[in-house]
Amino acid sequence: MADILRGRARSRQGLFVGWIRALTPANSWPALAGLLVFAAMLALQQLIEPGTQRLLTSVFLFVALAQAWNIIGGYTGYASFGQVAFFGLGAYTVAVLMNNYHVSFWAALPLAVLVGVVFAVAIGLPLLRLRGHYFAIATLGAAEGAREVINNLTSVTGGGGGITIPTFGSDAPTPYFGKPGFYLAFLVLAAVSVVVAAVLARSRFGYAMVAVHEDEDAAGAVGINTTVVKVVAFGVSAAIVACAGAFYAFQQIEFYPTDVFDASFTVLMVIMVMIGGSGSVVGPLAGAVGLQLLSQFLRVNLGNFNQLIFGAIIVLVVVFFPQGVVTYLRDAWRTRHFSILDNVRRYRL
């Protein structure tokens, strides 16, 4: 009788485990982990002070920007140094519509994304025929050109005098979100950017992007329309960056062309992806979170020397982990080989 009961218990246990495995297949664990992190960030908002909310808001912003750059630079292999153009255009589209035409933020937001995508397609069709540093320099020039256009449209954008979004009183098309509102907005944007990158990475289109990265000529030879792949990847990346620029503009209220067309935005995107590990979803996420928190820690504790030490840390990480920290840890865990010196020799540095 006891054996029968034990057998039934084992049978029920096996059935329960089977249900769990069926409901949570192996490839769903990253999604579940992401949902848990998202829920934790929502709950954390109720426990932290406004200053910490502002810090985490900037972390979420750069998570979105890093994921966007990774789509075109990491997966597709085209290092764009003009991403800040989409950021600035998204910011100014929202600001002009809200300030000049009293359009609500939620109506202006999709138009800002559309402007970023249209600009990406317009410059992508000719520029994505270039490769390597030629493409990088060309996109940088496109960003500078966009900034000069905005700077000279004084009657519309305010030019060098900047522009102010009405956020309070009867003139405000949309009430100001405040720190809690922007915390939530940028958290959702970061989550959406991660989901978009993950979906692309696991799709046929994602495999086409990787094929273009590995060998564009071979990808074209097997039937992949490399032009479409590159332009679509560039457009998706631009959409995320333009959306981030729109939220950033509303958050700042008043800004100038030099603020939202600052090339340091693009530089930070590139560094975060390279530090974390390009061509993956977790790499840019870890790079953005790690570098933003490190930068804030150094700024608070080391005063005038924070930038020097921050730069030195980046150089050391690039030298010892040229493939990215996350990629190194993943490969080291799989091979059980954690030698940093061997990792340096492997990349012949």
| task | Give me a count of the residues in the range 151-161 that are under 9 Å from TYR256 (Cα atoms) and surrounded by fewer than 15 Cβ atoms within 10 Å (Cβ to Cβ). | result | 2
| message | Take the conditions closer than 25 Å to VAL273 by Cβ, touching a Pro at 6+ places or on another chain (Cβ under 8 Å) and touching a residue at least 40 places away in the same chain (Cβ under 8 Å) and apply them to ARG147. Does it pass? | response | yes
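Which of the residues that make up the range 331-344 are surrounded by 10 or more Cβ atoms within 10 Å (Cβ to Cβ) and either farther than 22 Å from VAL273 by Cα or in contact with a Gly (Cβ under 8 Å, 6 or more places away or on another chain) (or both)? Talk me through it step by step, then tell me what you get.
Keep residues of the range 331-344 that are surrounded by 10 or more Cβ atoms within 10 Å (Cβ to Cβ), which gives 331-333, 337-340, 342-344.
Answer for the range 331-344, where residues must be surrounded by 10 or more Cβ atoms within 10 Å (Cβ to Cβ) and either farther than 22 Å from VAL273 by Cα or in contact with a Gly (Cβ under 8 Å, 6 or more places away or on another chain) (or both): HIS337, SER339, ASP342.
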| field | The lone exception for PHE81 - which of (1) under 18 Å from ARG131 (Cβ atoms); (2) assigned to a helix (DSSP H, G or I) it fails | value | (2)
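Out of all the residues in the range 242-257, is one or more of a type in the set (Val, Ile, Thr), touching a residue at least 24 places away in the same chain (Cβ under 8 Å) and assigned to a helix (DSSP H, G or I)? If you could, list the steps in order and put the result at the bottom.
Going through the range 242-257, the residues of a type in the set (Val, Ile, Thr) turn out to be 253.
Among the residues that remain, those that are also touching a residue at least 24 places away in the same chain (Cβ under 8 Å) are: 253.
Narrowing further to those that are assigned to a helix (DSSP H, G or I): none.
For the range 242-257, residues of a type in the set (Val, Ile, Thr), touching a residue at least 24 places away in the same chain (Cβ under 8 Å) and assigned to a helix (DSSP H, G or I): absent.
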| For the subset of the range 109-137 comprising residues that are loosely packed, with under 14 Cβ neighbours inside 10 Å and in contact with a Ser or Thr (Cβ under 9 Å, 6 or more places away or on another chain), which member is farthest from VAL236 (Cα to Cα)? | ARG129
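So in the range 230-245, with the set limited to residues that are β-branched (Val, Ile, Thr) and out of contact with any Phe, Trp or Tyr (no Cβ under 7 Å at 6 or more places or on another chain), which one is surrounded by the fewest Cβ atoms within 10 Å (Cβ to Cβ)? Even if it seems obvious, please write down each step before you answer.
Going through the range 230-245, the residues β-branched (Val, Ile, Thr) turn out to be 231-232, 236, 240-241.
In the following step, the residues that additionally are out of contact with any Phe, Trp or Tyr (no Cβ under 7 Å at 6 or more places or on another chain) were identified as 231-232, 236, 240.
Working: VAL231: 16, VAL232: 21, VAL236: 21, ILE240: 27.
Applying the filter and picking the extreme gives VAL231.
Being crowded, with 20+ Cβ neighbours inside 10 Å and touching a strand residue (DSSP E or B) at 6+ places or on another chain (Cβ under 6 Å) is true for just one of ALA64, ALA95. Which residue is that?
Details: ALA64 fails: touching a strand residue (DSSP E or B) at 6+ places or on another chain (Cβ under 6 Å).
Exactly one of ALA64, ALA95 is crowded, with 20+ Cβ neighbours inside 10 Å and touching a strand residue (DSSP E or B) at 6+ places or on another chain (Cβ under 6 Å), namely ALA95.
Please state which one of LEU36, LEU61 is farther than 30 Å from ALA143 by Cα, in a helix (DSSP H, G or I) and of a type outside the set (Gly, Ala, Ser).
Working: LEU61 fails: farther than 30 Å from ALA143 by Cα.
Residue meeting the stated conditions: LEU36.
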| request: Looking only at the range 265-280, decide whether some residue is more than 14 Å from the chain's Cα centre (by Cα), among the hydroxyl-bearing types (Ser, Thr, Tyr) and part of a helix (DSSP H, G or I). | output: no
| remark: Being assigned to a loop (DSSP other than H, G, I, E, B) and under 30 Å from TYR75 (Cα atoms) narrows LEU130, LEU125, LEU189, LEU109 down to just LEU130
| message | Out of everything in the range 17-61 that is surrounded by 14 or more Cβ atoms within 10 Å (Cβ to Cβ) and among the hydroxyl-bearing types (Ser, Thr, Tyr), what residue ends up being modelled with the lowest pLDDT? | response | THR52
| Qualifying residue in the range 121-137 (condition: of a type in the set (Phe, Trp, Tyr) and within 23 Å of SER278 (Cβ to Cβ)) | yes
| Just a yes or no: is a residue in the range 137-148 more than 22 Å from ILE72 (Cβ to Cβ) and of a type outside the set (Lys, Arg)? | yes
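Does LEU140 satisfy the criteria of being surrounded by fewer than 18 Cβ atoms within 10 Å (Cβ to Cβ), under 22 Å from the mean Cα position of the chain (by Cα) and in contact (Cβ under 8 Å) with a residue 60 or more places away in the chain? Steps first, please.
On the way: surrounded by fewer than 18 Cβ atoms within 10 Å (Cβ to Cβ): no; under 22 Å from the mean Cα position of the chain (by Cα): yes; in contact (Cβ under 8 Å) with a residue 60 or more places away in the chain: yes.
No; evaluated as a whole, the condition is false for this residue.
Mind listing whichever residues of the range 322-349 are in a loop (DSSP other than H, G, I, E, B) and either touching a Pro at 6+ places or on another chain (Cβ under 9 Å) or in contact (Cβ under 8 Å) with a residue 24 or more places away in the chain (or both)?
Residues of the range 322-349 in a loop (DSSP other than H, G, I, E, B): 322-324, 336-339, 347-349.
Of everything in the range 322-349, those that are in a loop (DSSP other than H, G, I, E, B) and either touching a Pro at 6+ places or on another chain (Cβ under 9 Å) or in contact (Cβ under 8 Å) with a residue 24 or more places away in the chain (or both) turn out to be PRO322, GLN323, GLY324, TYR347, LEU349.
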| field | Of residues in the range 165-210 being more than 16 Å from ILE240 (Cα to Cα), among the β-branched types (Val, Ile, Thr) and modelled with pLDDT of 90 or more, the one surrounded by the fewest Cβ atoms within 10 Å (Cβ to Cβ) | value | VAL210
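The values are calculated or read from the model by the stated rules, or taken from the named source; none is laboratory data. Nothing here was measured: the structure is a model prediction, and the numbers come from that model. Reconstructed Cβ throughout: ideal geometry from the backbone, glycine too, with neighbour counts over all protein chains shown.
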